[in-house]
1. At a Förster radius of 25 Å, what calculated FRET efficiency corresponds to the Cβ-Cβ distance of Ser49 and Ala139, to the nearest 0.05?
2. Starting at the first residue of the stretch 131-141, write each ³J(HN,Hα) from the Karplus equation 6.51 cos²θ - 1.76 cosθ + 1.60 with θ = phi - 60°, in whole Hz, x for Gly and Pro.
3. What spacing in nm lies between the two simple spin-label points modelled at Asp85 and Ala102, each 7 Å away from Cα in the Cβ direction?
4. Each residue of the stretch 104-110 in turn: what ³J(HN,Hα) in whole Hz from Karplus with 6.51, -1.76, 1.60 and θ = phi - 60°, glycine and Pro shown as x?
5. What are the ³J(HN,Hα) values, in whole Hz, obtained from phi via the Karplus relation 6.51 cos²θ - 1.76 cosθ + 1.60 with θ = phi - 60°, for each residue of the stretch 56-71 in sequence order, with x given for Gly and Pro?
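What follows draws every value from the coordinates through simple rules; no lab data is involved. These figures come from a predicted structure and were not determined experimentally. Every residue, glycine among them, receives a Cβ derived from its backbone with ideal geometry; neighbour counts consider all protein chains shown.
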Amino acid sequence: MFNTLKTLMSGANARAEDRLRDNFSIELIDQKIREADQNLKAAKLTLASLTQKQRGESRQIETLQTRIEDLMERARQALEDDQQDLVQSAAQAVADLENELALRQQTVDRLEARILQLRHSVQTANRRILDLKQGAITARAVKREQGLQKRLNRHVGGTSPAEEAEELIARVMTQADPFEQSEILREIDAGLDHSTVAQRMEEAGYGPKTRSSAADVLSRLKAQS
C-alpha cells in the first residue's frame, strides 16, 4: 500500500513538474542561458589567468636563459685566466639556473596544454550559447504561436460569441407565441362552455344566421340596385 501511494505521489509530482516546466519554459530557457553565460565568463577568466601565468613563466625562462648565457661567457673567460674558484662558482650557478629553467619549462608546457584545452572548450561553449540564444528566439516565436492557436481553438472548438448569439436567437424563435397561446386558450374555453356549438351548426346551414358575411352584404347591394 505504501509503495503504491509513493508511486502515485511520485507520478503526480512528475506531472506537476512537467506542467510547470511547460508553462515557464521560456523563463527556464533564459535562466539556463544566463547560467551558461556565467560559466563561460568564469572559463574566460580562468583562461586569461592561465595565459597571464604562462606568459610570466615564459618571461622568466627568457631571463634565465640570458643569465645562463652571461655566466657561461664569464666562466669561459675565468677559465682562460685559470680562475678555478670563479669557474666553479659560475658552474654551480649555471647548474642551479638550468634546473630552475627546466622546472619552469615544464610549467610552461603544462600551462600551454591546459590553455589549448580550455581555449577549445571556451570556443565550443561560446558557439553553443549562440545556438541556444538563437533557439530561444525560435522558442519564443513558437510559444506565441501556440498561445494564439490555443485562443483560436477555444473560439473554434468551443462555443464562440457568434455561436452563443445564434443559439439565443434560435431559442427565442422556437419559444411559443403568447398571443397564439391566448387564442388557443379562448378556443378551449369556448369549447368547454359549448358556446361554439351554435356557430358550427349555423355554418353548416342549420337555423338562422346570427352573423353577416361579405357575401350577404353583396347580395343586399344587388337587391337594392
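1. 0.10
2. Working through the residues one at a time gives 5, 5, 5, 5, x, 5, 4, 5, 5, 5, 4 Hz.
3. For Asp85 paired with Ala102, the spin-label model returns 3.0 nm.
4. 5, 5, 4, 4, 4, 4, 5
5. Rounded to whole hertz, the list is x, 5, 5, 5, 5, 5, 4, 5, 4, 4, 5, 5, 5, 4, 5, 5.
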